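Reviewing the structure listed below.
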Amino acid sequence: MCGIVGAVSGRNVLGVLLQGLQRLEYRGYDSCGVAVWQDGTLRTSRSTARVADLARQIDASGLHALTGIAHTRWATHGAPSTANAHPHVSPDTARPRIALVHNGIIENHDSLRAELQAAGYRFDSQTDTEVIAHLIDRLYDGDLFDAVEQAVRRLRGAYALAVLCRDEPHRIVGARSGSPLVVGLSDGECFLASDAMALAGVTDRIAYLRDGDIVDIGLAGWHVHDRDGQRRERPVQTVKILAGSTDLGPYRHFMQKEIFEQPQALADTLEGVEGIVPELFGDGAWRTFDQIDRLLILGCGTSYYAGLVGKYWIELLARIPVTVEIASEYRYRPSIPDPRTLVVTISQSGETADTLAALLHARNLGQPHTLTICNVESSAMVRESTLAYITRAGIEIGVASTKAFTTQLAALFLLALTLAQARGTLDDDALAAHLQAMRHLPRAIQGALALEPQLIAWAEQFAARDHALFLGRGLHLPIAQEGALKLKEISYIHAEAYPAGELKHGPLALVTDAMPVVTVAPTDELLAKLESNMQEVRARGGRLFVLTDADSRFDSADGVQVIRLPEHHGLLSPIVFTVPLQLLAYHAAIVRGTDIDKPRNLAKSVTVE
Ligand code: F6R
């Protein structure tokens, strides 16, 4: 998704700008660009190629500047093209006065465009962003801060902005509402970025702007106005920026690397967990756990599926009712608030627009107890929640979430154990046994990774198909759903997941010998039921691909292929069964030759609605 970097310094800032864009690259983008103030003019360079190509273009043009802004764009309004790439400038002449980059979506861009066209502005792009550049130029009367402050009052929608003015060197004005923006500080230098990660290696002194803030950065320092034009202080924190290794090492893709990093990611996530205590989730968590009598879990995509597994564990072990909702639905639904609900948001990035908005919505409805399970400590969701559990998956670059998901599951299992302890539904021996089983997880995952050759053989058969069905029951239904999501998003094979018991209520009509049916079939109390669902598939000539436990009674037969997973603790099996499904999707995508780490139309961090 779109990324912003801005810098004002006594040194050439192009290195900082390009390095910042490179750090944001993994989130997905389709064009990029920079604008700098150089010798009294605004100079821009834009490209629909990678940031490395933009860097070569800049090198060749000899740009050198002390003030500049930069952007990676993920198209929303207007196709990916150089004309639509940011920065946008105004007026559209040889000597523009304003240059600007924008993350977010402006909802009233049509009416503003009509007004600005009537005032004589010519538009070069199909973007909503160009409207803001012209609006600021129109309102400009010698003070960029003033012009931006007036302009944002006319915008409806979400934005993070960084704006340069030809007539005011060494100054950038930023603004945010609904999209993140941070200020980075270093000696005699000031930066803006949509994510602190863009400034890794440059500074770790970060101030997080609040919604409605407008910020003025320059060589002499920075200041902020809130939405009402009042001067405000925003605390500067020293943050641990999740940079991590962005080297592929021996792997072909980041997704493959991240699948194989799962044993370590789980071990890291559990490191320091010496016992089941509320403080795992933050200071004072015991008080919160004492004051709640239900949970509402919110997330999107893969993180939502983690929530569904979490519900099962929490209701089983702690006997507390849990509702799980897709964040983008919850935020617009007239729900019934309950102050005794713990609102749990789950997010790899901690910046997903819908989940963040759902969290704020829940709080505004009068639900004060909030907990975020997140992989990025410095993210907006962690900052906005009273409690947090930080998974230690390390940076996840592949767009398809893998190690973030399995570490979210580990965090949810710990939450279930902690709530069970608080409620007295599990005694100390049972808690210790569950924790011990968790420590065995990295080894069980290693065993699941060793199944790769068998999954390659399955993937070769899947790659020739256009559709696939995934079946699961109970605790493993969300794992079947996650398996289907992985397959569709990276191999582009249409895949659907169903509770196996629903098969005969509709989807069975689709089953033929051209429809592979993946069944997540651990040895549990639902196995007998699942077996009869599998018979229904076989009777229609459907081809079954069964993932089951080491001690299972299933055997491969005509039309039935079986893979057995290594031994593991029964309740933790969703984590173990996830791994073969990731490998199946990955290898099906390899055979089909798709862009695995950057699947078409998708972005890593979905910071717009
Ligand atoms: C799928 C995937 C997405 C994300 C979703 C939420 O592989 O990665 O479905 O899970 O966009 O993202 P986060 O977890 O960052 O809130």
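The values are calculated or read from the model by the stated rules, or taken from the named source; none is laboratory data. Here the structure is a predicted model, which is why all the values come from computation and not from measurement. Positions of Cβ are backbone-derived with ideal geometry, glycine not excepted, and every protein chain shown enters the neighbour counts. Ligands, DNA and RNA are stripped out before the accessible areas are found, and what is left, the full protein with its side chains, is counted by its heavy atoms. Shrake-Rupley method; radii C 1.70, N 1.55, O 1.52, S 1.80 Å.
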Looking at the range 290-330 only, could you name the residues that are open to solvent by 50 Å² or more (accessible area, probe 1.4 Å) and either within 14 Å of the ligand (Cβ to nearest atom) or without any contact (Cβ under 8 Å) to a residue 12 or more places away in the chain (or both)? Glu315, Ile326, Glu329
Name every residue in the range 442-500 that is away from the ligand (no atom under 15 Å from the Cβ) and at positive phi, in order of residue number. Gly474
Suppose we keep only residues that are part of a loop (DSSP other than H, G, I, E, B) and in contact with a strand residue (DSSP E or B) (Cβ under 7 Å, 6 or more places away or on another chain) within the range 33-63. Which one would you say is most open to solvent (accessible area, probe 1.4 Å)? Thr48
Which of the residues spanning the range 350-379 are under 23 Å from Gly104 (Cα atoms), small (Gly, Ala, Ser) and open to solvent by 10 Å² or more (accessible area, probe 1.4 Å)? Ala353, Ala357, Ser378
Select, from Ala410, Ala422, Ala416, Ala430, the only residue that is touching a Pro at 6+ places or on another chain (Cβ under 8 Å), away from the ligand (no atom under 13 Å from the Cβ) and assigned by TED's automatic domain parsing to the domain that holds Ile373. Ala422
Given the options Ala404, Ala411, name the one that is open to solvent by less than 30 Å² (accessible area, probe 1.4 Å) and within 25 Å of Arg319 (Cβ to Cβ). Ala411
For the range 521-541, indicate whether the set of residues that are within 16 Å of the ligand (Cβ to nearest atom), open to solvent by 10 Å² or more (accessible area, probe 1.4 Å) and touching a helix residue (DSSP H, G or I) at 6+ places or on another chain (Cβ under 7 Å) is non-empty. no
Consider only pairs whose beta carbons are under 8 Å apart and that are at least six residues apart or on different chains; among these, list those whose first residue lies in the range 343-364 and is assigned by TED's automatic domain parsing to the domain that holds Ala306 and whose second residue is among the charged types (D, E, K, R) and within 9 Å of the ligand (Cβ to nearest atom). Gln348/Glu396; Ser349/Lys604
Pro80 vs. criteria open to solvent by less than 50 Å² (accessible area, probe 1.4 Å) and either of a type outside the set (Gly, Ala, Ser) or closer than 30 Å to Arg156 by Cβ (or both): no
In the range 380-400, what count of residues is obtained for those that are surrounded by fewer than 23 Cβ atoms within 10 Å (Cβ to Cβ), among the small types (Gly, Ala, Ser) and either within 12 Å of the ligand (Cβ to nearest atom) or in the same structural domain as Ala207 (by TED's automatic domain parsing) (or both)? 0
Failed item, numbered, when Tyr208 is tested on (1) open to solvent by 10 Å² or more (accessible area, probe 1.4 Å); (2) modelled with pLDDT of 95 or more; (3) touching a helix residue (DSSP H, G or I) at 6+ places or on another chain (Cβ under 7 Å): (2)
